[in-house]
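See below for the structure under consideration.
Just so you know, all these numbers are worked out from the coordinates, no wet-lab data involved. All values derive from a computational prediction rather than experimental measurement. Heads up, the Cβs are rebuilt from the backbone with ideal geometry, glycines too, and the neighbour counts pull from every protein chain shown.
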């Protein structure tokens, strides 16, 4: 089924968790086309204080609102970051392919597209030529990167709303209704 240009069919066996250069990662067990759903993040919804109470070694939180986080469950829990991602999140929880993804390829998204708290940073070890070296909130990304992610529609809705509030005079690209393949 396709909705707004995104293929919504998600198979529970489309990915597997396996060893990666960063510990564990999520790997494709079949190929994906751009815009095709890979997985849906799931888990209990927590607030910021509850996430902090879990501690850094137990929290696998995905920010889905200003004070809402998913304590992600496997396999999504093990999706790693990349500054040159092959996947992105739409509708706050669905991970889609941004470009063709081959069987066995690690699926990675840019964590910055889901972050807006200025609380958490992490050294980036993605190894991409475009690596920013530190994972920061969306608001700290270079404007060209912000606009590319906004055009792709892979920025959490609450972050998009914050961008609009913070920069009323700045031209903010609205999410497109249909996913468009954009080469990185």
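If a/c stays under 1.5 just call it rounded; otherwise compare a/b with b/c (prolate if a/b is bigger, oblate if not). Do that for region 2-166, with a ≥ b ≥ c from the square roots of the Cα gyration tensor eigenvalues.
Rounded, because the longest to shortest axis ratio a/c is under 1.5.
At R0 = 25 Å, how high is the FRET efficiency between residue 103 and residue 17 if r is their beta carbon distance? Nearest 0.05 is fine.
Computed FRET efficiency for residue 103 and residue 17 comes out at 0.95.
Sorting 119, 48 on the 10 Å Cβ count, fewest up front, what's the list?
Ordered by Cβ neighbours within 10 Å, fewest first: 119, 48.
Test of understanding: ordering 52, 141, 70 by Cβ neighbours within 10 Å, fewest first, what list do you get?
Least crowded to most crowded, the residues run 52, 141, 70.
Does region 13-63 classify as rounded, prolate or oblate by the C-alpha gyration tensor (a ≥ b ≥ c root eigenvalues; a/c under 1.5 gives rounded; else a/b over b/c gives prolate, otherwise oblate)?
oblate
Can you bin region 97-158 into rounded, prolate or oblate? Criterion: square roots of the alpha carbon gyration tensor eigenvalues sorted a ≥ b ≥ c, rounded for a/c under 1.5, prolate for a/b above b/c, oblate for the rest.
oblate
Computed FRET efficiency, Cβ-Cβ of residue 53 and residue 167, R0 25 Å: what is it to the nearest 0.05?
0.15
Students often check this: by mean Cβ neighbours within 10 Å, which of 80-92, 98-110 ranks highest, and how do the rest follow?
Packing proxy ranking, top to bottom: 80-92, 98-110.
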